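Undergrad: I'd like to ask some things about the structure below.
The values are calculated or read from the model by the stated rules, or taken from the named source; none is laboratory data. These figures come from a predicted structure and were not determined experimentally. Here Cβ is always computed from backbone atoms with ideal geometry, including for glycine, and neighbour counts include all displayed protein chains. Just the protein is used for accessible areas: all its heavy atoms, side chains included, with ligands, DNA and RNA removed. Shrake-Rupley method; radii C 1.70, N 1.55, O 1.52, S 1.80 Å.
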Amino acid sequence: MLASERDQLKTEIWEMARKYDHHRSGLMPVLQHVQRKYRYISPEAMQESAGAFHIHPVEVYGVVSFYSFLSTKPKGKFIIRLCRTISCEMTGKAVIARQLENDLGITFGETTKDGMFTLEYTNCLGMCDSGPALLVNDEIYTEVTPESVADIIESYVRKFGASVTEEKKHE
Amino acid sequence: MNDKKTARNEGIILREIDVDAILIKVLKEDREDILREVTDSKLKGRGGAGFSTGRKWSLAAEARSDQKYIICNADEGEPGTFKDRVLLTDYTDALLAGMTIAGYAVGAESGIIYLRGEYVYMIDHIHDRIKNRYENKLLGDNIAGKKGFVFNITVRLGSGAYVCGEETALIESLEGQRGEPRNRPPFPVTCGFMGKPTVVNNVETFITALHILDKGAEWFKKFGTDKSTGTKLFSISGDCAKPGVYEFPLGITVKEVLTHIGARDAKAVQVGGASGRCVAHDEFESTLAFEDISTGGSIIVFGPHRDMLAVARNFMEFFAEESCGQCTPCRYGVEALLEGIEMLEQRKCSMKYLNELLGLCETMQVTSKCGLGQSAPNAFMSILKNFKHEILSRDSAR
Amino acid sequence: MTTKNSDTTNDIATKNSGSNHDNDRSPIAQRKFRMPEIMDAKDHGTSVKIVIDDNEMEVPFGTTILDAARLMNIKIPTLCHHEDLCVAGVCRICVIEIEGQRNLQASCSYPITQPMKIHTYSARVRKARRHILDLMLKHHYGECYSCIRNNNCELQSLAKEHGVDFYRFGHITAPKHQVDRSSYSVVRDMNKCILCRRCVRTCIDLQEVGVLEAVNRGNKTEIVTFMNMPLGDVVCINCGQCINRCPVSALHANDPRNEIWAAIDDPSKHVIIQTAPSPRAAIGECFGRPAGQSYTRQLNTALRRCGFDKVFDTNFTADLTIMEEATELLVRLEKALVDGDKKVVLPQFTSCSPGWVKFLEHFYPDMIDHLSSCKSPQQMFGALLKTWYAEKAGIDPKDIVTVALMPCSAKKFECNRPEMHDSGFKDVDYGLTAREMAGMIHEAALDLPNLPPSDFDNPVGEASGAGLIFGASGGVMEAALRTAVEIVTGVKTENIFENLEIMPVRGFEGIRYYEIPITQTAKVPAILSKALKAKSFDFLKGATLKVAVVHGTANARRVMEDIKAGGKFSHCHFIEFMACPGGCLGGGGQPIPTSPEIRKARARAIYSEDRSLGLRKSHENPSVIKIYKEFLKGGPCGYESHHLLHTHYLKRGSKIV
């Protein structure tokens, strides 16, 4: 991380913490902000947050590791979270999962090499009446079909002008 | 933000009302009258645990403290539950007014909506509605012209943890901790957020309370059963013709529901989500009510072709991941059950061990620290009880 | 001469190691059972009638079921519960049945607020406990006979008590985690961990060091350091309090027994052991004796039979420490008061607790100048053994192996600090805990309590009671005052403090503050004439000496914050800090278990041993006077002392990576 970036991160964390009077109840919003902006919560960010809330870095690590939407490793620009809970599973989650893996060229838990997409499973998205459902960052997609998977991915690629992710190699 | 795809019926909750007029009317009443009305209605918490709302509010109202909190549990994470999604998007003002009234009745000035991280796409809409209410003096200082009554609402986001739907875990999360449930007692009504008296209610509970205070406890009690008054929202998904959110009076039988939603051939129904239980065909005459099959409103229908062991596996995988990992029976018990399912899949489970696992289920139910662990084995137990023959006679082709 | 009474109304909150109702900073998640919040005024002070297993009793409103049962002498098994820590309620072993309730309740965290009938071993309870134990054992890797905690393991005892005869839900057959041996002091073997979280509560709440915490969730939950880094690379202060509270062997000390046996067995090595007072006051516990009895002289015999060539008393260098540290303080005071030197740093902090030293280096790196430059008694002894003693005995120091029996796990780290080579060799080769020492004695098949007593070896056999009481919190301060007061005022300390007992600095209050007005002064004695410029202590006349005693790093943090903020403690002249609750007698190398009662008993043993001695002031120790004459010719804080007995510190900081 560049020094200027680190200073920026530090300023943001301390400014947000001040809004919560440096009380620990402000920790989650700070971590959510860092996750959103930097796509992960780095060791620096955790230590800085610990300082801003007068707690130990390891406590922040404990919190970050508890919540599935917070991460200590860098994530892609877009995190695709496919619901794997029962109702979506019954409407064909497995097929969508396969198509996502094929179209992105990665497996679940991985991030594309260009850093654009991370593919993850998630538990119930509350779209059980219109599954399969998936979440791309803050946007929800329901009744996803294998065909629409490509469209969804394509729309994000186009939106941000990124190169098309590499084709999955066939052996 | 109308959620047009979701099928629904009209009811006493799911209908348009003049929220502001009700709020203004109710705020003219005495706190005691409000508490009495809610208590008289026998309204029970709509999140699933079924604690008397009137009693909860009264306890918090009695507690002496400089600060009290009203928390709306919008961490709707129970698999198969999505009614709050509809309420949060289409009945936002009713929720905000319900919370405001709770604040007035209890003597709290702060309200917090704990919105699950998965529902982040709603947050702008909710913020808009809150802003609108501040502009109309329906939130903030001297609400609706009532001098000295202050109530503020903020929204806080979860970050993907099912267990934070448990009220004390939710409070822990708000306090910047790992979402690990607390020991109870003390209960949040006496020692909750920041150690202050706190009312934690489900989205639907606040809205239902608003309706009760509009039309009265007697009106509300006309619906439902003696012990389970009123109507309830049900989130219905799975193998049925018309999945969606439905409002039914409590006490309705499973069979009636199935007829309504077009699932006459259902083999089983999971009532109450992953933490609920699997109801088989021979129990379809049972009623959905706190005294019979208690539920937060999730109904998942399984058609005749469904592999029930796979269903059990899905639920156990869910709990293995979502257990907070704090107490022994839940953390390792779920894992043992999951391993048991694997043995059953490989057709390598002795009857003795299966019975041991069912005994473990009972231990988990009575020794786990919170509701999650206590209800985690329900699905395993009920599926193995109802479909033991199907599961034990699986052929190797699977 | 009069002394002012101890100021018992400290204006900052303190943590007493003597009670468990002091969790004022404990994470909110862990103090949920605290009753004041639930207590309605009408219930305040009332009592509730309960029946436990047919025994009727009235207990105060809000008592936990576990406490109530203990009042009735009814045993309820526990695991995550520890008297020193706040309640967690996570292991669920202590579940009991309350009549009329569907669920069993954890007795450690369930407050009694209404009359109830409780059954502590009903069929449902027994079945549940077996299941819970079986689940823990499923994940508890390894076999008991290859475990360092064999025969002193709470899980093992529970398994035995509950008739565990097979692994009902299976048993892990391969280790999941690599054993973390990166720390000189603490070994972390997470394969043994049963997630009772006592270590977390010890590290974050009791000690406020913050190294260990639970991460992840569900069955992936584990206890780790920040970013799962090696323990040797994080802010661990090696206090070992986590070891003392670990019910199994997930945390244990780095054991040097094999190396020490090898040295003993090597005829070319001259193996010397020095013994500190705290392990002597506690080691009997490892031989089935109740806490509160010192086995100093029996231990001497045992050590010789084990094969150590010489057995010396660390108290000798504790006396030296007093001479050096008191002189250093007087020098600082002279510089500040006479020379008006603004750069003089006061208060002076004690430096004999290596856990405390590392704590300061990590968390208050800008304040390391407050630390006395004196080495700890252990390190002073090591440096002297490989110089002065080697010369005297005619042994090549490279052939000398020095072992230190300590109550401490941090001492293992301390002797490995790279700067501790002032003799030209590693001053102290091995730090040995009381537990490991007991292990060696067991291995030699010696029945310690029944061995004939014997004395320490010469030439450094003599030590005063002042050095001995170093083992208890307040002991260093008391020892220093016994000497300093007498030197400065010229009045015999025993004429000021009855029986030479300076009670205000004793006890288990977390932070103790004490003032001594100096109304008369004496001439500077000859031994200090080189260190001080003044000829008399007139420069202290009319001054009030302000001192404080602090134990447990959580209390240390409070005092440090007070000093930073310019509070009362910033006006102190001298402060004793000990990393461990209770001081050395509660150290991380002491026998397991520990509790406020056990620590009090050990303190009694130490103070009664002190009372039994004729020699109780460091400056009157003839061996001390002799060594300043023969070897440390510059006197306290002189040239030789400075080279061998003093050290420097590192600004470590708390940022990791």
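Undergrad: Return the residues of the range C:236-248 that are of a type in the set (A, V, I, L, M) and either away from chain A (no Cβ under 13 Å) or open to solvent by 10 Å² or more (accessible area, probe 1.4 Å) (or both); say none if nothing qualifies. Write out each step before concluding.
TA: Keep residues of the range C:236-248 that are of a type in the set (A, V, I, L, M), which gives C:237, C:243, C:248.
Matches in the range C:236-248: C:I243, C:V248.
Undergrad: For the range B:331-368, name all the residues that are more than 8 Å from every other protein chain (Cβ to nearest Cβ), in contact with a Phe, Trp or Tyr (Cβ under 8 Å, 6 or more places away or on another chain) and open to solvent by less than 10 Å² (accessible area, probe 1.4 Å).
TA: Hits for the range B:331-368 are B:L337, B:G340, B:I341, B:L357, B:C361.
Undergrad: Right, another one. Of all residues in the range A:68-82, count the ones that are away from every other protein chain (no Cβ under 13 Å) and either not charged (D, E, K, R) or not in a loop (DSSP other than H, G, I, E, B) (or both).
TA: Residues meeting the conditions: 4.
To keep it simple, each residue is scored yes or no on (1) within 14 Å of another protein chain (Cβ to nearest Cβ); (2) within 14 Å of B:S235 (Cβ to Cβ).
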{"site": "B:I252", "(1), (2)": "no, no"}
{"site": "B:E256", "(1), (2)": "no, no"}
{"site": "B:G262", "(1), (2)": "yes, no"}
{"site": "B:K267", "(1), (2)": "yes, no"}
{"site": "B:A274", "(1), (2)": "yes, yes"}
{"site": "B:V279", "(1), (2)": "no, no"}
{"site": "B:A289", "(1), (2)": "no, no"}
{"site": "B:S298", "(1), (2)": "yes, yes"}
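Undergrad: Among the residues of the range B:227-265 satisfying the criterion of being free of Cβ contacts under 8 Å to residues at least 24 places away in the same chain and part of a loop (DSSP other than H, G, I, E, B), which is surrounded by the most Cβ atoms within 10 Å (Cβ to Cβ)?
TA: Once the filter is applied, the top-ranked residue is B:G262.
Undergrad: May I ask you to say which residue of C:R168, C:R129 is of a type in the set (D, E, K, R), in contact (Cβ under 8 Å) with a residue 12 or more places away in the chain, touching a Cys at 6+ places or on another chain (Cβ under 9 Å) and within 12 Å of another protein chain (Cβ to nearest Cβ)?
TA: C:R129
Undergrad: Could you say whether any residue in the range B:271-287 is more than 15 Å from the chain's Cα centre (by Cα), of a type in the set (F, W, Y) and either assigned by TED's automatic domain parsing to the domain that holds B:L372 or not in a strand (DSSP E or B) (or both)?
TA: Yes.
Undergrad: Return only the number of the condition from (1) more than 10 Å from chain A (Cβ to nearest Cβ); (2) surrounded by fewer than 19 Cβ atoms within 10 Å (Cβ to Cβ); (3) more than 23 Å from A:L82 (Cβ to Cβ) that B:T89 does not satisfy.
TA: B:T89 satisfies every listed condition except (3).
Yes/no matrix, rows are residues, columns are (1) at pLDDT below 95; (2) within 27 Å of C:R197 (Cβ to Cβ); (3) of a type in the set (A, V, I, L, M, F, W, C); (4) more than 25 Å from the chain's Cα centre (by Cα):
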position: B:L309; (1), (2), (3), (4): no, no, yes, yes
position: B:P329; (1), (2), (3), (4): no, yes, no, no
position: B:A336; (1), (2), (3), (4): no, yes, yes, yes
position: B:K352; (1), (2), (3), (4): no, no, no, yes
position: B:L360; (1), (2), (3), (4): no, yes, yes, yes
position: B:T363; (1), (2), (3), (4): no, yes, no, no
position: B:K369; (1), (2), (3), (4): no, yes, no, no
position: B:A376; (1), (2), (3), (4): no, yes, yes, no
position: B:A397; (1), (2), (3), (4): yes, no, yes, yes
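Undergrad: Among the hydroxyl-bearing types (S, T, Y) and within 14 Å of chain A (Cβ to nearest Cβ): which single residue out of B:Y162, B:Y134 fits that description?
TA: Going through B:Y162, B:Y134 in turn, just one is among the hydroxyl-bearing types (S, T, Y) and within 14 Å of chain A (Cβ to nearest Cβ): B:Y162.
Undergrad: So which of B:A49, B:A63 ends up being in contact with a Ser or Thr (Cβ under 6 Å, 6 or more places away or on another chain), open to solvent by 10 Å² or more (accessible area, probe 1.4 Å), outside the structural domain of B:E322 (by TED's automatic domain parsing) and modelled with pLDDT under 95?
TA: Step by step, each of B:A49, B:A63 is checked, and only B:A63 is in contact with a Ser or Thr (Cβ under 6 Å, 6 or more places away or on another chain), open to solvent by 10 Å² or more (accessible area, probe 1.4 Å), outside the structural domain of B:E322 (by TED's automatic domain parsing) and modelled with pLDDT under 95.
Undergrad: Looking at B:R31, B:R133, B:R55 in this structure, which one is free of Cβ contacts under 8 Å to residues at least 40 places away in the same chain and more than 30 Å from A:T85 (Cα to Cα)?
TA: B:R55
Undergrad: Select from the range B:178-187 the residues that are under 20 Å from B:A161 (Cα atoms) and of a type outside the set (K, R) and write down the one among them that is nearest to the other protein chains (Cβ to nearest Cβ).
TA: The residue in question is B:N183.
Undergrad: Within the range C:223-233, how many residues are in a loop (DSSP other than H, G, I, E, B) and open to solvent by 10 Å² or more (accessible area, probe 1.4 Å)?
TA: Selection size over the range C:223-233: 2.
A quick yes/no check of all residues on (1) touching a strand residue (DSSP E or B) at 6+ places or on another chain (Cβ under 8 Å); (2) of a type outside the set (K, R):
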| residue | (1), (2) |
| --- | --- |
| B:K56 | yes, no |
| B:D66 | no, yes |
| B:V86 | yes, yes |
| B:T92 | no, yes |
| B:Y104 | yes, yes |
| B:A108 | yes, yes |
| B:G111 | yes, yes |
| B:G117 | yes, yes |
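This table checks each residue for (1) open to solvent by less than 20 Å² (accessible area, probe 1.4 Å); (2) within 29 Å of B:S228 (Cβ to Cβ).
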position	(1), (2)
B:R156	no, no
B:S159	yes, no
B:E167	no, yes
B:S173	yes, no
B:P185	yes, yes
B:G195	no, no
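Undergrad: Select from the range B:268-281 the residues that are free of Cβ contacts under 8 Å to residues at least 40 places away in the same chain and touching a Phe, Trp or Tyr at 6+ places or on another chain (Cβ under 9 Å) and list them in ascending order. Reasoning before the result, please.
TA: First, the residues of the range B:268-281 that are free of Cβ contacts under 8 Å to residues at least 40 places away in the same chain: B:269, B:271, B:281.
Scanning the range B:268-281 gives a single hit, B:V269.
Undergrad: Could you check the range C:88-104 and list, in sequence order, the residues that are crowded, with 24+ Cβ neighbours inside 10 Å and more than 7 Å from every other protein chain (Cβ to nearest Cβ)?
TA: Just the residues of the range C:88-104 that are crowded, with 24+ Cβ neighbours inside 10 Å, to begin with: C:88-96, C:104.
Result: C:A88, C:I93, C:C94, C:I96.
Undergrad: Just give me the residues in the range C:97-116 being touching a residue at least 40 places away in the same chain (Cβ under 8 Å) and within 24 Å of B:R331 (Cα to Cα), in sequence order. Outline the logic, then answer.
TA: Keep residues of the range C:97-116 that are touching a residue at least 40 places away in the same chain (Cβ under 8 Å), which gives C:105, C:107-116.
Passing the criteria: C:Q105, C:S107, C:C108, C:S109, C:Y110.
Undergrad: Is it the case, given these coordinates, that C:L405 is closer than 28 Å to C:T433 by Cα, open to solvent by less than 10 Å² (accessible area, probe 1.4 Å) and in a helix (DSSP H, G or I)?
TA: no
Undergrad: If I ask for residues that are touching a residue at least 60 places away in the same chain (Cβ under 8 Å) and surrounded by fewer than 20 Cβ atoms within 10 Å (Cβ to Cβ), which ones from the range C:264-274 would you list?
TA: C:S268, C:K269
Undergrad: Looking at (1) of a type in the set (D, E, K, R); (2) open to solvent by less than 40 Å² (accessible area, probe 1.4 Å); (3) assigned to a helix (DSSP H, G or I), which one does C:D427 not meet, given that it meets all the others?
TA: Of (1) of a type in the set (D, E, K, R); (2) open to solvent by less than 40 Å² (accessible area, probe 1.4 Å); (3) assigned to a helix (DSSP H, G or I), only one is false for C:D427: (3).
Undergrad: Right, something else. Hey, C:N244 hits all of (1) over 29 Å from C:D396 (Cβ atoms); (2) in a helix (DSSP H, G or I); (3) in contact with a helix residue (DSSP H, G or I) (Cβ under 7 Å, 6 or more places away or on another chain) but one; which does it fall short on?
TA: So C:N244 meets the others, but not (3).
Undergrad: If the requirement is being modelled with pLDDT of 95 or more and either within 30 Å of C:N150 (Cα to Cα) or crowded, with 24+ Cβ neighbours inside 10 Å (or both), which of these qualifies: C:H551, C:H573? Please lay out each step first, then the result.
TA: Values: C:H573 fails: either within 30 Å of C:N150 (Cα to Cα) or crowded, with 24+ Cβ neighbours inside 10 Å (or both).
The match here is C:H551.
Undergrad: Related question: Which residues, taken from the range C:86-106, are farther than 20 Å from B:E180 by Cβ and outside any strand (DSSP E or B)?
TA: Across the range C:86-106, the qualifying residues are C:E99, C:G100, C:Q101, C:R102.
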